[in-house]
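The values are calculated or read from the model by the stated rules, or taken from the named source; none is laboratory data. Everything numeric here is computed off the predicted structure, so don't read it as measured data. We place every Cβ from the backbone using ideal geometry, glycine too, and count neighbours over all the protein chains shown.
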Amino acid sequence: MTATEQWETEGYLVFRSVYDGRTVDRLRLISDDCLTKWRGCSPEIGKQGGGPESTVMRHLNHTGYFPDKKDRLSDILNAVADPNILEKVTEILGETPLFRATSYFFNPLSGGGDGNWHRDSQFNTSDDDAEQKLIKQRLKTGSGIQMQIALSASEDIEYVPGSHLRWDTPDEYHIRKADNQTHNRSNEMPNAKRIDLAPGDAAMFNPMGLHRGRYHVDRLRRTLMWTYTKRSKPHCDYFSMQPWCLEEEYLLGVKQETKQFFEDFVNIYQAFWQTQLRM
């Protein structure tokens, strides 16, 4: 199958070595520094970003993480807008991609374990009927792309190929939602595929499909996630709420193609940001 055919039928793709070793090391250094600051005091909220059981942080491209090291912010932005990655995303989306968010997944300092099986659609709907409608809608109009890039060797992403095309089978539903989601960490999900990534490899998947991560204290996990949507279908929500991008020198020092990519993001969302800031 071509990449587009695999994406349409299975809902995920794996790309090897999207970043070279030097870039991986640099991104790991920067991201771990952001994580340390976030655990102490997140610049978004002015207090601790998460406790010892936390497994994900958002918005590594916030200027508050780089008060005196703007070159590190530039490295993050250049990685998000890397032409090699954007070419792949453009092919799958079928149009110019729009940036949405950065995330960083990591193993917790305490607690942890195998994650919960879910579809991202369940977090934006009130009941099963609404969720099924959303999945069908996104199947027709296209959905966002989540690209997770390993900065350390990882087998911690699991996905059920083809599940983005349909509703849960009875066995899948029992694991994901039944009994108030008490079974959603089960290791018995039918046809689940564990994705093996070396540092620099990327897994791209449709978040409407069944998926989960694993977060064990004793198993190092360091995984970036770049999220993109179609330019024609922006999402105004927490993930895209990034008013710090309006700062005068935000794009100072980035590559020209990076500047154009993020200027597009700013132009599309700035009215949303300004409205939210006035509320």
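Per-structure values
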read-out	value
Boolean, VAL24 is within 17 Å of TRP226 (Cβ to Cβ), at pLDDT 95 or above, surrounded by fewer than 18 Cβ atoms within 10 Å (Cβ to Cβ) and of a type in the set (Val, Ile, Thr)	no
Helices (runs of 4 or more DSSP H) within region 170-279 that include 2 or more residues under 25 Å from VAL24 (Cα atoms)	256-278
Subset of region 34-73 [more than 20 Å from the chain's Cα centre (by Cα) and under 20 Å from GLY115 (Cβ atoms)]	GLY51, PRO52
Looking only at region 236-279, and only at residues there that are more than 15 Å from ALA81 (Cβ to Cβ), free of Cβ contacts under 8 Å to residues at least 60 places away in the same chain and among the hydrophobic types (A, V, I, L, M, F, W, C), the one that is surrounded by the fewest Cβ atoms within 10 Å (Cβ to Cβ)	MET279
Complete set of residues in region 123-135 that are surrounded by fewer than 16 Cβ atoms within 10 Å (Cβ to Cβ) and in a helix (DSSP H, G or I)	PHE123, ASP128, ASP129, ALA130, GLN132, LYS133
Search result, residues across region 136-156 that are surrounded by 17 or more Cβ atoms within 10 Å (Cβ to Cβ), modelled with pLDDT of 90 or more and farther than 19 Å from ALA79 by Cβ	ASP156
Selection count, region 29-43, where residues are exposed (fewer than 15 other Cβ atoms within 10 Å of the Cβ) and in contact (Cβ under 8 Å) with a residue 60 or more places away in the chain	1
Residues of region 63-79 satisfying the condition of being surrounded by fewer than 21 Cβ atoms within 10 Å (Cβ to Cβ) and either under 17 Å from ILE45 (Cβ atoms) or among the aromatic types (Phe, Trp, Tyr) (or both)	THR63, GLY64, PRO67
Failed item, numbered, when GLY49 is tested on (1) in a helix (DSSP H, G or I); (2) small (Gly, Ala, Ser); (3) farther than 26 Å from ASN187 by Cβ	(1)
Test: residue in region 143-152 that is more than 30 Å from ILE45 (Cα to Cα) and assigned to a loop (DSSP other than H, G, I, E, B)	no
The listed residue being outside any loop (DSSP other than H, G, I, E, B), of a type in the set (Val, Ile, Thr), within 18 Å of the chain's Cα centre (by Cα) and modelled with pLDDT of 95 or more, out of ILE92, ILE76	ILE76
Residue that is without any contact (Cβ under 8 Å) to a residue 60 or more places away in the chain and closer than 26 Å to THR23 by Cβ, where the choices are ARG219, ARG214, ARG194, ARG166	ARG194
Residue under evaluation ASP196, criteria (1) surrounded by fewer than 19 Cβ atoms within 10 Å (Cβ to Cβ); (2) of a type in the set (Asp, Glu); (3) within 20 Å of the chain's Cα centre (by Cα); (4) closer than 26 Å to LYS136 by Cβ, criterion not met	(4)
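Listed here are the residues, each with its yes/no results for (1) surrounded by 15 or more Cβ atoms within 10 Å (Cβ to Cβ); (2) part of a helix (DSSP H, G or I); (3) modelled with pLDDT of 95 or more.
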| residue | (1), (2), (3) |
| --- | --- |
| MET1 | no, no, no |
| TYR19 | yes, no, yes |
| ILE45 | no, no, yes |
| ASN61 | yes, no, yes |
